[in-house]
Amino acid sequence: MTGQAWEPGRDRTEMEGAEESALEGTASLRARELESLGLISSELLHDLGGLLAVVEGRLAVARSEAAMGRSNSSDLARVQDDTRELRRMIRDILARVRKLETPGEPAWPAAPLMEETLQRWLSSAPRVQVSLEMHLPRGSRVAGPRTFFTRALGNLVRNASRYAERKIRVSARTSDGGATLEIIVEDDGSGVAESLKTALFDPFTSGRNGRMGLGLSFSRWACEQLGGGLELLAVKGHLGGAVFRMWMPLLPPRQETPSHNDAPGEACGKLPAGVRIAVVDDDAALRRVLRRRLQREGARVFLPTIPPRDQCGNLLEDLARWDPEIILLDLHLGSVSGEHLFHTLSRRHPHLANRVLILTGGAPPEDELGVPVLNKLQDWDELIRQVTDVLESPGGSW
C-alpha cells in the first residue's frame, strides 16, 4: 500500500478500500477525458472532411478554368477563406484539448460573423431558403475562439437543411437585460421524433438510417466553451420542424477589446523595408512559403540549413555573421530541439536571443524561454504583428 500512511485506530482494510476508491475515481475521470477527446477528434475530422471537400472542389474548378486561360479569382479567394477557417479551427481546438492558456481571448462582433457564416454556407447550400432576423444592439460582441461559434452555427443550419422542406429561419436577439446572445434556428421539416429527444446531443445519434450524427454534439460542446449552451427548444415549432436555441454571454461595452488575429478587416503591422529575417525551420515547404510571403512584405530572408545536433555551432555562427533583426525559430527541428538551440544561442550570442520568435505547431515550449511564441496555425497578420512587436520592443534591433 503506497497512497496513505496507516493511522492508529483506523482499520487497515478501510484505508486500503479508500485508496482503491480514489484510484478508481482517478481512472474513471481519465477514461471520461479520453472518451471526450476521442469524440471531439471524431467531430473535428468530420468537419475537416467537409471543408476539405469544398476546398478540393473549388481548386478543381479554378485549375480547370486556368487551363482554359480564364482567371477565377473568386474561387481562389474562397479557397483562401476556407483554409483560413480550417487553420483557425485546428488551432482553437488543439488549445482546448491541450488545456493551453489563451490570454486575451479575442472579441468579435456577433452580427457580422453570423452573416459571414451563413453566407459561406449559402454559397454551397442545397435547395432551402434561409432567412435571417437580427435584433441585436449595435456593437454586440462575444469573447472566445470565433471558430467555435462559426462551427456551432454552421452545424445547426446544416442539420436543419437536411430535414427542412423549403425554409430555415435564423433569428438573433439578446436576453438577460442584454447580457446574453440567443440564436434560434428552426426549419419547416417534420420535427424531431420523441424517441430521439433525450439522446439528440449524444454523438452518432441521427434520425436517418445509416447516417452518423456528429454536428449537434459538437455544436453543444463549442457553445459550452464560449460560456453558453445549446438545447432543443421544441420538437415542432411554428414552421413545423425542430427549434434549437444556442446562447452565450455578450461582452459589456466597456470590456470590448479588439482581436489581433480574428477581427475582420483589421489592419496589421507593416514590416520595415529591408528588415533581415532568418527562418530556422526543418520543413522545406514552410520555409519557402515564409520566404515568399516575407519577401513580399519587403524583408530580406535567410534560410540556414538545419545541421545535426553535434554541429549546431555552424548554424549559430552563420546567424551571428548574418546578424538578422528577427529569428523565426521552430520548436521542433528534427535532429535538434529548438529549445536547445535557443539556450545555446543565448550563451554564445545573447544579443541575438532577444530577436527570437518561437514557432510551434501548438505545443508550448517545456521551459519558459522569455521570448514570444507563435502558433504556426495563426493567421499571417498575426505573424507580421508579432514580428513588428519584437522589432519595436526595447530589446529589439531595429
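The values are calculated or read from the model by the stated rules, or taken from the named source; none is laboratory data. These numbers come from a predicted model, not from an experiment. Note that we place each Cβ from the backbone using ideal geometry, even for glycine, and neighbour counts take in every protein chain shown.
Of the residues in region 300-335, how many are in a loop (DSSP other than H, G, I, E, B) and closer than 19 Å to L374 by Cα?
Of the residues in region 300-335, the ones in a loop (DSSP other than H, G, I, E, B) are 303-308, 323-325, 331, 333-335.
When the remaining residues are screened for being closer than 19 Å to L374 by Cα, the result is 303, 324-325, 331, 333-334.
Count: 6.
Kindly indicate whether V356 is under 18 Å from V373 (Cα atoms), crowded, with 18+ Cβ neighbours inside 10 Å and touching a residue at least 24 places away in the same chain (Cβ under 8 Å). Write out each step before concluding.
Numbers: under 18 Å from V373 (Cα atoms): yes; crowded, with 18+ Cβ neighbours inside 10 Å: yes; touching a residue at least 24 places away in the same chain (Cβ under 8 Å): yes.
Yes.
Out of everything in region 270-282 that is part of a loop (DSSP other than H, G, I, E, B) and crowded, with 18+ Cβ neighbours inside 10 Å, what residue ends up being modelled with the highest pLDDT? Before you say what the answer is, go through the steps one by one.
The first filter runs over region 270-282 and keeps only residues part of a loop (DSSP other than H, G, I, E, B), leaving 270-275, 281-282.
Those left that are additionally crowded, with 18+ Cβ neighbours inside 10 Å: 271, 275, 281.
Details: L271: 82, V275: 91, D281: 87.
Residue satisfying both the conditions and the ranking: V275.
Give me the pairs: first residue in region 326-337 and under 20 Å from R385 (Cα atoms), second residue at pLDDT 80 or above and among the basic types (K, R), beta-carbon distance under 7 Å, and six or more apart or on different chains, which are they?
Here the result reads I326/R355; I327/R355, each pair linking region 326-337 to a residue that is at pLDDT 80 or above and among the basic types (K, R).
Would you be able to tell me the number of residues in region 319-353 that are of a type outside the set (D, E, K, R) and in contact with a Pro (Cβ under 9 Å, 6 or more places away or on another chain)?
Of region 319-353, the ones of a type outside the set (D, E, K, R) are 319-320, 322, 324, 326-329, 331-338, 340-346, 349-353.
So of that shortlist, the ones also in contact with a Pro (Cβ under 9 Å, 6 or more places away or on another chain) come out as 319, 322, 331, 335-336, 338, 342, 352.
The qualifying residues number 8.
Report every pair of residues separated by at least 6 positions or lying on different chains whose Cβ atoms are under 6 Å apart, first residue within region 215-235 and outside the structural domain of E182 (by TED's automatic domain parsing), second surrounded by 23 or more Cβ atoms within 10 Å (Cβ to Cβ) and of a type in the set (D, E, K, R).
Taking only residues 6 or more apart or on different chains, not a single pair turns up.
Restrict the check to region 329-341 and report whether at least one residue is out of contact with any helix residue (DSSP H, G or I) (no Cβ under 6 Å at 6 or more places or on another chain), closer than 19 Å to P272 by Cα, crowded, with 17+ Cβ neighbours inside 10 Å and among the aliphatic types (A, V, I, L, M).
Taking every residue of region 329-341 in turn, none turns out to be out of contact with any helix residue (DSSP H, G or I) (no Cβ under 6 Å at 6 or more places or on another chain), closer than 19 Å to P272 by Cα, crowded, with 17+ Cβ neighbours inside 10 Å and among the aliphatic types (A, V, I, L, M).
It is to be established whether one or more residues within region 158-170 are closer than 16 Å to R245 by Cβ, buried (at least 17 other Cβ atoms within 10 Å of the Cβ) and modelled with pLDDT under 90.
Taking region 158-170 as the starting set, the residues that turn out to be closer than 16 Å to R245 by Cβ are 159-160, 168-170.
Filter once more, so that each one left must be buried (at least 17 other Cβ atoms within 10 Å of the Cβ): 159-160, 168-170.
Next cut, modelled with pLDDT under 90 only: 159-160.
Looking for residues that are closer than 16 Å to R245 by Cβ, buried (at least 17 other Cβ atoms within 10 Å of the Cβ) and modelled with pLDDT under 90, one finds at least one in region 158-170, hence yes.
Take V289 and tell me if it is over 21 Å from R347 (Cα atoms), outside any loop (DSSP other than H, G, I, E, B) and modelled with pLDDT of 80 or more.
Values: over 21 Å from R347 (Cα atoms): yes; outside any loop (DSSP other than H, G, I, E, B): yes; modelled with pLDDT of 80 or more: yes.
In short, yes.
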